[in-house]
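First comes the structure, then the notes that go with it.
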Amino acid sequence: MKVEIIPCLQDNYSYLIIDETNNDACIVDPSEAKPVINFIEKEKINLKYILNTHHHFDHIGGNKELKRKYNSIVVGYKYDTGRIPEINILVEDNQIWKRDNFEAKIIHIPGHTTGHISFYFFNEKIIFTGDTLFSLGCGKIFEGTYEEMFASLSKIKNLPEDTKIYCGHEYTLQNSKFCIEHDPQNLNLQNKIIKIKEKLENNAPTVPSTIQDEKECNIFLRAKNVESFSKLRDLKDNF
Ligand code: ZN
Ligand code: FE
């Protein structure tokens, strides 16, 4: 398996998970169809599955067109059938979703939306976290509670440290400014910021990150309890 990063819209990332033995692929969160189609046509990829982390338009915008063009199957959260367009396969918390050579554990991570899920490809040690965990940040709490978001982040935090994190947006540099303001002595964070700037200067994405990096540097994962987490989340909303 390899992961191809497809930049979409302003600052979204969609991800193609490609099975190199047969060129079958899943797309995670196609914000829009066009950049995905361009890549697929060029590389002769069979787009078999569309995996949605949540229903926001910048994560599902390409569902309809991609499904129509490639006959792909749409996978999404069981209780979001009303708001994930073209959904075919309904998944729920802790379920193993397995098709062809693709195998992922579904982890329900509410907070940003009530139906937000992540796809954890445990064999490859990669996770797609949508708008729940970003590199050096976390999603805004739109539908859930602070408690839910804190619990969701804790679930992700407990995965193996070398798990690679692919998140929904390129927000890393902006997020780093908030982290360093509230955690100025953190050497790991200082070093990570240097690497982030290098990547961006070379027009490279700052993803994937790792669980280890985020535990060391992401102030939201470093919050000890829901009270301090909530305070940080409020401060970030006005940052
Ligand atoms: Zn969102
Ligand atoms: Fe988003």
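Just so it is clear, none of the values below were taken in a lab; they were calculated from the coordinates. Note that the structure is predicted; figures quoted are calculated from it, not measured. FYI the Cβ positions are ideal-geometry reconstructions off the backbone, even for glycines, and counts take in every protein chain you see.
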Does at least one position in the range 57-68 carry a residue that is aromatic (Phe, Trp, Tyr) and within 15 Å of ligand 2 (Cβ to nearest atom)? yes
Identify, by number, the condition in (1) within 19 Å of the chain's Cα centre (by Cα); (2) under 26 Å from Cys8 (Cα atoms) that Lys197 doesn't meet. (1)
Over the range 125-171, the set of residues in a helix (DSSP H, G or I), over 20 Å from Asn238 (Cβ atoms) and within 16 Å of ligand 2 (Cβ to nearest atom) is Ser152
Spans of helices (runs of 4 or more DSSP H) in the range 20-97 with at least 2 residues within 19 Å of the chain's Cα centre (by Cα) and not basic (Lys, Arg): 34-43, 57-60
Criterion first (surrounded by fewer than 21 Cβ atoms within 10 Å (Cβ to Cβ) and within 19 Å of His54 (Cβ to Cβ)) does Lys215 satisfy it? no
Regarding Ile60, is this residue more than 19 Å from Lys155 (Cα to Cα), within 16 Å of ligand 1 (Cβ to nearest atom) and without any contact (Cβ under 8 Å) to a residue 40 or more places away in the chain? yes
Give just the number: which of (1) more than 16 Å from ligand 1 (Cβ to nearest atom); (2) at negative phi; (3) out of contact with any Phe, Trp or Tyr (no Cβ under 6 Å at 6 or more places or on another chain) does His116 not satisfy? (1)
Kindly check whether there is at least one residue in the range 173-183 that is closer than 27 Å to Asp80 by Cβ, charged (D, E, K, R) and in contact (Cβ under 8 Å) with a residue 12 or more places away in the chain. no
Any residue in the range 225-239 that is under 12 Å from Cys138 (Cβ atoms) sitting within a Cβ distance under 7 Å of a residue that is aliphatic (A, V, I, L, M)? List the pairs, counting only those 6 or more apart or interchain. Phe229/Ala223; Leu232/Ile219; Leu232/Ala223; Arg233/Ile141
Quick one: is Val36 within 14 Å of ligand 2 (Cβ to nearest atom) and either closer than 17 Å to Phe128 by Cβ or surrounded by 15 or more Cβ atoms within 10 Å (Cβ to Cβ) (or both)? no
For the range 87-98, check the following and say yes or no: at least one residue is out of contact with any Lys or Arg (no Cβ under 9 Å at 6 or more places or on another chain) and surrounded by 15 or more Cβ atoms within 10 Å (Cβ to Cβ). yes
Matching entry among Asp29, Asp11 (being within 15 Å of ligand 2 (Cβ to nearest atom), surrounded by fewer than 20 Cβ atoms within 10 Å (Cβ to Cβ), under 27 Å from Ser152 (Cα atoms) and in contact (Cβ under 8 Å) with a residue 60 or more places away in the chain): Asp11
Taking the options Glu148, Glu124, name whichever one is within 16 Å of ligand 1 (Cβ to nearest atom), of a type in the set (D, E, K, R) and surrounded by 14 or more Cβ atoms within 10 Å (Cβ to Cβ). Glu148
Residues in the range 127-138: is at least one crowded, with 23+ Cβ neighbours inside 10 Å, away from ligand 1 (no atom under 12 Å from the Cβ) and at positive phi? yes
Residue list for the range 164-188, restricted to those being buried (at least 22 other Cβ atoms within 10 Å of the Cβ) and of a type in the set (A, V, I, L, M, F, W, C): Ile165, Cys167, Cys179
